[in-house]
Amino acid sequence: MNYIWKLTFGTPENTTPCSLFGGQMDSPALASLPQVEENPLDAEGIVFRRTARGCTLTIPVEESEAFFGTGLQLKSVNQTGLKKHLRVNSDPVADTGDSHAPVPFYVSSRGYGVYVDTARYASFYFASHTTQALSGPSPARKVADNTEELYAASQLSGKRHVLIDIPAATGVELYVFGGPDMLSAVQRYNLFSGGGVLPPLWGLGMWYRSYTRAKAEDVQRQAAMIREDHMPCDVFGLEPGWQTHAYSCTYRWNTEGFPDPQGLLDFFNAAGFRVNLWEHIFVDGDSPLYEPLLPYAGDYRVWNGLVPDYSLPQAAKLYTAYHKAELVDRGVSGFKLDECDGSDFIHTPWTFPEASEFPSGLDGEQMHCLLGTLYMRANQEAFEEGGRRTYGAVRSAGALAAPYPYVLYSDLYDIHDYIRGMVVAGYSGLLWTPEVRQCASEEELIRRLQAVVFSPLAQIDAWMIPNPPWLQYDEGKNHAGVFLEDRERLTGICRRLFELRMSLIPYLYAAFYAYKTTGKPPFRALPLDFPDDVQVRDIEDSYMVGDSLLFVPVFPGQERRKAYLPGDGWYDYFTGEHYAGGQSYEWDTADNRMLLFVREGSLLPIAEPVEFVRPDTVFSLRMVRFGHADAACSLIEDDGESLAYREGALNRIAVEWKEGAEPSVRKEGGYAGQRYAIREFVTID
Ligand code: GAL
């Protein structure tokens with residue numbers, strides 16, 4: 001029994017996320033999740049209606065229920081009482097549901113999840129309205145003389161429900177995921193999607209993307225500087241300038257700026273960098289892919305380029321084969337898949353209209369919902385065919401996207417929105433990075449870097465600035481920064497931050513392996529770990545990183561930071577100071593102080609930082625136990641980049657340290673190499 005219930009209403013559409021990406025009701029990994037008594041939703045109570053605009057579902061809910069999810073919602077973490085219209089859009093300016101990655105999946109605080117299998121811009125009303133007539137007078141409400149009171153949410157009377165309004169469709173399939181808690185429901189949804197992502201080890205290191213107008217000599221100079229300054233860096237990204245024409249894309253090297261592409265790729269690979277290339281999905285007339293893809297394109301163009309229909313296997317194969325032969329097999333390790341969200345009301349024509357038609361029969365609305373995931377799938381295939389893993393960035397995703405090794409990012413630059421993204425993404429099978437680029441002050445740069453280091457993809461996206469921001473932060477002038485007089489000071493601060501990230505690679509790798517195999521998101525909102533604590537429901541500025549770390553970002557200009565620590569007890573990662581859980585604290589955050597807490601009872605593997613991950617890197621580990629209770633952790637050991645782990649070439653190392661006993665290390669699995677050397681065991685108390 002997998003505790004996933006499928007309910008069919010009316011006549012569902014032919015093309016949905018499940019029809020294209022599969023929904024796995026029988027993933028063997030589901031069996032490892034806790035048992036559930038019965039379907040937590042009263043299926044009989046769900047009302048389905050056909051309407052002139054499509055169809056609706058009304059799902060009864062309890063008074064106290066709270067709702068989370070619906071994808072990358074950058075403006076709110078707790079959806080209770082809100083309406084979300086799940087439209088794909090690269091410029092979500094208000095809390096409407098517009099998103100780079102809307103997902104028609106939510107979880108309830110009652111411990112179940114609901115997925116609506118649709119590629120439509122559905123609207124979700126989370127107990128925001130009632131239909132029942134009142135039996136008596138409405139609750140008293142005084143006449144408001146200010147907008148705060150006037151617009152404050154009002155107390156609802158009557159029966160509560162979630163209303164889901166799906167345009168165009170005459171029916172829909174609904175999947176209910178049992179818990180019994182929210183985390184298990186999210187895990188079930190992720191496993192149903194195909195499981196989470198195991199990135200290559202190098203993907204968890206530091207990333208640097210260079211200036212968009214940089215030429216080969218510039219990027220080589222920067223790469224050399226990064227190595228000379230011992231700034232940890234695993235991935236070097238090239239922005240649009242590498243192509244002959246980028247908006248739309250030719251996917252061909254611009255040999256004026258990059259006269260010897262193979263030489264450049266060889267240079268990077270020899271220096272231990274993986275190369276990541278920027279591109280987007282719209283195919284230029286001058287691209288070798290243009291003619292072959294012409295029969296498979298939609299009727300509208302974007303930046304004069306084709307919009308290929310990658311729901312058609314023939315079209316996806318053309319994309320994959322070209323990328324494999326011309327780029328991947330020549331030494332490219334990943335891609336940044338840009339612009340696949342698009343905005344057609346702020347900027348035109350940055351994307352195709354909803355009324356577009358595609359050869360598969362999809363319309364523009366459906367294509368918007370599916371485009372990011374179709375694009376990721378075609379791109380990933382260029383690596384999988386050669387038995388390799390990749391890790392990249394993407395600007396749009398949607399339903400069932402958990403298995404694709406791409407991390408969402410955005411051009412919007414509000415750091416509060418960026419941190420909210422870290423909190424919410426894990427509710428819906430998504431990964432997100434609050435990237436950093438230009439900054440108005442050194443402090444802002446450091447605060448943003450701190451947040452990036454505690455994200456799935458630690459990327460400095462310097463596409464707007466000619467040099468790394470630790471040498472030349474931008475002072476708000478966008479393109480015209482000045483070199484810092486005291487270069488070593490800021491470089492040193494940034495280096496230590498990057499080293500902190502590198503020291504956590506073994507820990508993060510194990511957390512991602514859990515994501516892959518059990519669906520447990522590596523970056524999580526607090527309600528997933530502390531479901532009974534109502535105080536964490538609205539926390540939008542701190543989150544779990546793996547099972548042991550709680551990261552509390554400090555925002556630029558914040559001299560003091562207040563935060564609530566849930567659970568039993570925590571240790572300050574840097575000072576070792578102990579804090580009781582269930583309380584709020586306030587810290588002085590002068591001098592760029594970071595707030596990172598380790599859960600009491602954790603055994604944390606902390607690695608000696610390396611500058612970049614080599615195929616034969618052996619991490620030297622300090623195993624640190626926080627508190628005296630029995631503590632355990634696992635490490636995952638494999639070649640770190642191929643797909644051989646799927647055939648068993650992987651070891652699970654169980655490290656245990658029981659109170660009063662010697663630590664023990666047990667290894668099982670079929671990987672012959674060695675990735676870790678445990679240097680010492682220490683206790684912080
Ligand atoms: C944007 C993208 C940026 C950068 C830029 C280059 O769409 O979000 O990160 O790549 O394009 O033109």
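Entry note, the chain: relative contact order of 13 percent, from Cα contacts under 8 Å with a spacing of 6+ residues. If you sort the three axes of the alpha carbon gyration tensor as a ≥ b ≥ c, you get a/c of 1.5 or more for the stretch 169-253 and a/b no higher than b/c, which makes it oblate. Apolar share of the accessible surface for the chain: 48 percent from carbon plus sulfur atoms, 1.4 Å probe.
Binning the C-alpha pair distances of the stretch 217-263 at 10 Å intervals from 0 yields a P(r) profile of 23, 45, 26, 5 %, listed from the shortest bin outward.
Against the criterion of solvent-accessible heavy-atom surface with a 1.4 angstrom probe, H368, H85 sort, most first, into H85, H368.
Is the shape of the stretch 292-331 rounded, prolate or oblate, going by the alpha carbon gyration tensor and its root eigenvalues a ≥ b ≥ c, with a/c under 1.5 for rounded and a/b larger than b/c for prolate? It comes out oblate by the Cα gyration axes. For the chain, the Cα gyration tensor yields ellipsoid semi-axes of 37, 33, 26 Å (square root of five times each eigenvalue, largest first, whole Å). Surface listing: K516, K215, K336, K142 arranged by accessible area from highest to lowest gives K142, K215, K516, K336, probe 1.4 Å. In this view, the solvent-accessible surface of T130, computed with a 1.4 Å probe and all protein chains in place, comes to about 50 Å².
Simple rule: put +1 on each Lys or Arg Cβ and -1 on each Asp or Glu Cβ in the chain, find the dipole, and look at G361, M1, L635; the Cα lying farthest toward the positive end is M1. For D547, no residue 5 or more places off, or on another chain, has a built amide H under 5 Å of its own. With contacts taken as Cα pairs under 8 Å at a separation of at least 6 residues, the stretch 63-122 carries a relative contact order of 35 percent.
Taking the convex hull of the alpha carbon positions in the stretch 1-154 and averaging its projected area over all directions gives 12.6 nm². Would you kindly give the portion of the calculated P(r) for the stretch 287-383 that falls above 19 Å, as a percent of all Cα pairs? The share of Cα pairs beyond 19 Å in the stretch 287-383 comes to 40 percent.
Centroid-to-centroid, using Cα positions, the stretch 457-472 and the stretch 276-302 are 29 Å apart.
Derived scalar couplings between HN and Hα for the stretch 621-632 equal 10, 9, 9, 10, 9, 9, x, 9, 5, 4, 9, 8 Hz in order, rounded to whole Hz, by the Karplus curve 6.51 cos²θ - 1.76 cosθ + 1.60 (θ = phi - 60°), x for Gly and Pro. With Cα atoms defining each centre, the stretch 567-611 and the stretch 522-566 are spaced 12 Å apart in the structure.
Amide hydrogen proximity for L595: with H placed 1.01 Å from N in the peptide plane, the residues at 5 or more positions away or on another chain lying under 5 Å are V552, V554.
3J(HN,Hα) along the stretch 385-394, derived from phi through the Karplus expression 6.51 cos²θ - 1.76 cosθ + 1.60 where θ = phi - 60°, amounts to 4, x, x, 10, 8, 9, 8, x, 10, 8 Hz, with x in place of Gly and Pro.
Residues E65, E148, E444, sorted by accessible area with the largest first, give E148, E444, E65 [1.4 Å probe; ligands and nucleic acids excluded]. Computed from backbone phi, the HN-Hα couplings of the stretch 226-243 come to 4, 5, 4, 7, 6, 8, x, 7, 9, 10, 10, x, 9, 8, x, x, 6, 9 Hz, rounded to whole numbers (Karplus: 6.51 cos²θ - 1.76 cosθ + 1.60, θ = phi - 60°; Gly and Pro given as x). Taking the Kirkwood radius as Rh and the Cα radius of gyration as Rg, the stretch 400-460 has a ratio of Rg/Rh equal to 0.99. Accessible surface calculations at 1.4 Å, restricted to protein heavy atoms, place the chain at 37 Å² per residue. Relative contact order of the stretch 2-76: 25 percent, from C-alpha pairs under 8 Å at least 6 residues apart in sequence. Does the stretch 501-640 classify as rounded, prolate or oblate by the C-alpha gyration tensor (a ≥ b ≥ c root eigenvalues; a/c under 1.5 gives rounded; else a/b over b/c gives prolate, otherwise oblate)? Prolate. Accessible area per residue was computed with a 1.4 Å probe on protein heavy atoms; D145 scores about 130 Å².
Taking all protein chains as shown and a probe of 1.4 angstrom, T575 keeps an accessible surface of around 90 Å².
The values are calculated or read from the model by the stated rules, or taken from the named source; none is laboratory data. Worth saying up front: this structure is predicted, and the values here are computed from it rather than measured. Backbone-built Cβ (ideal geometry, glycine too); neighbour counts: all protein chains shown. With ligands, DNA and RNA removed, areas are computed over all heavy atoms of the protein, side chains included. Shrake-Rupley method; radii C 1.70, N 1.55, O 1.52, S 1.80 Å.
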